[in-house]
Amino acid sequence: MTVVGCAGSYPSADSAASCYLFEAPYEGGTYRLVVDLGNGALTPLQQLVDLRDVDAIVISHLHPDHYMDICGTYVYRKYHPEGPLARIPLWGPAGCADRFADAYDLPHDPGMHEEFAIHEWADHEIVTLGPFTILPRELVHPVEAYGLRISDGSGTVAYSGDTGPTQALVELAAGADLFLCEASFVDRPNNPPELHLTGSDAGEAAAAAEVGRLLLTHVPSWTDHDAVAAEAKATFDGPSELVEPGGVYVL
């Protein structure tokens, strides 16, 4: 897993918004799965991989910092000078096909259906993409939002997407090798409810889920990153760290 972008809520001065590249051997080659494609992510993603080599894209929820660069990807696949590229799977929450079309001011029919094979998550229903199995779990956020448990047979990554505290997140992450967990807030009494996690919340979820390693992500520029990291270490005894763009984790 490579961290393409990890800025919370909007791109920062040194990071795109949420985007992660998962790669694993498959049928004699490498399968490339993009998890979230937030605003600004296409720039660093192209530094890592030829966009023609992306095999599938999955979107946790329909906030712009998690999906907006679908628009640029649509343009790339539709108008490539070598001709339109083959459709690839694109998964997201209910209504995602129309939202993607609206984002580029397209009619809903055909929208982006000629460039992507668009599917909608169903809570707890496993999706198989190449070597990866993905279990979506609906969590707590102002919009329909999913955490994703991604496995390839050699390792498991639990990704929180965006969520407030919920037991469902602990269940999603149970025993995962890596827990890629948002931590957008620091501990304070007036944090909006059912929106995001603090570093303490992320650490508590990691401890309850008994994960191997906690990776803190989605920290906005205006949030004290060191405070988030310290809160997580106070509530989780295992290894934890803040991710950075370009960070690579091998399972």
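Check off (1) under 16 Å from the mean Cα position of the chain (by Cα); (2) more than 17 Å from residue 65 (Cβ to Cβ); (3) of a type outside the set (Ser, Thr, Tyr); (4) surrounded by fewer than 19 Cβ atoms within 10 Å (Cβ to Cβ) for residue 153 and give me the number that stays unchecked.
Against the list (1) under 16 Å from the mean Cα position of the chain (by Cα); (2) more than 17 Å from residue 65 (Cβ to Cβ); (3) of a type outside the set (Ser, Thr, Tyr); (4) surrounded by fewer than 19 Cβ atoms within 10 Å (Cβ to Cβ), residue 153 comes up short only on (1).
Residue check: is residue 1 open to solvent by 50 Å² or more (accessible area, probe 1.4 Å) and either at pLDDT 95 or above or of a type in the set (S, T, N, Q) (or both)? I'd like the intermediate steps shown before the answer.
Numbers: open to solvent by 50 Å² or more (accessible area, probe 1.4 Å): no; either at pLDDT 95 or above or of a type in the set (S, T, N, Q) (or both): yes.
No, not satisfied.
Go through region 111-155 and count every residue that is closer than 13 Å to residue 89 by Cα and either at pLDDT below 95 or in a loop (DSSP other than H, G, I, E, B) (or both).
6
Could you say which residue among 200, 184, 221 is open to solvent by 10 Å² or more (accessible area, probe 1.4 Å) and touching a residue at least 60 places away in the same chain (Cβ under 8 Å)?
Working: 200 fails: touching a residue at least 60 places away in the same chain (Cβ under 8 Å); 184 fails: open to solvent by 10 Å² or more (accessible area, probe 1.4 Å).
Sole residue among the options that is open to solvent by 10 Å² or more (accessible area, probe 1.4 Å) and touching a residue at least 60 places away in the same chain (Cβ under 8 Å): 221.
Within region 55-87, which residues are open to solvent by less than 10 Å² (accessible area, probe 1.4 Å) and either closer than 16 Å to residue 2 by Cβ or at pLDDT below 95 (or both)?
56, 57, 58
Condition check ((1) touching a Phe, Trp or Tyr at 6+ places or on another chain (Cβ under 7 Å); (2) in contact (Cβ under 8 Å) with a residue 40 or more places away in the chain; (3) farther than 20 Å from residue 145 by Cα) across all residues:
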residue: 8; (1), (2), (3): no, yes, no
residue: 15; (1), (2), (3): no, yes, yes
residue: 36; (1), (2), (3): yes, yes, no
residue: 41; (1), (2), (3): no, no, no
residue: 44; (1), (2), (3): no, yes, yes
residue: 49; (1), (2), (3): no, no, yes
residue: 59; (1), (2), (3): yes, no, no
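Would you check if there is a residue in region 233-247 being in contact (Cβ under 8 Å) with a residue 60 or more places away in the chain and polar (S, T, N, Q)?
The initial filter retains those residues of region 233-247 that are in contact (Cβ under 8 Å) with a residue 60 or more places away in the chain, namely 243-247.
With polar (S, T, N, Q) added as a condition, the list becomes none.
No, there is no match, as no residue in region 233-247 is in contact (Cβ under 8 Å) with a residue 60 or more places away in the chain and polar (S, T, N, Q).
Tell me which residues, restricted to region 57-76, are in contact with a helix residue (DSSP H, G or I) (Cβ under 8 Å, 6 or more places away or on another chain), under 25 Å from residue 133 (Cβ atoms) and either part of a helix (DSSP H, G or I) or of a type in the set (S, T, N, Q) (or both).
Result: 60, 67, 70, 73.
Somewhere in region 38-50, is a residue touching a strand residue (DSSP E or B) at 6+ places or on another chain (Cβ under 7 Å), open to solvent by 60 Å² or more (accessible area, probe 1.4 Å) and in a loop (DSSP other than H, G, I, E, B)? Break it down stepwise before answering.
From region 38-50, those touching a strand residue (DSSP E or B) at 6+ places or on another chain (Cβ under 7 Å) are 38-41, 44-45, 48-49; that's our starting set.
With open to solvent by 60 Å² or more (accessible area, probe 1.4 Å) added as a condition, the list becomes 48.
Of the ones still in play, those that are also in a loop (DSSP other than H, G, I, E, B) are none.
The answer is no; no qualifying residue exists.
The values are calculated or read from the model by the stated rules, or taken from the named source; none is laboratory data. Quantities reported herein were computed from a predicted structural model and do not represent experimental measurements. With ideal geometry, Cβ positions are generated from the backbone for all residues, glycine too; neighbour counts draw on all protein chains shown. These accessible areas exclude ligands, DNA and RNA; they are computed on the full protein's heavy atoms, side chains included. Shrake-Rupley method; radii C 1.70, N 1.55, O 1.52, S 1.80 Å.
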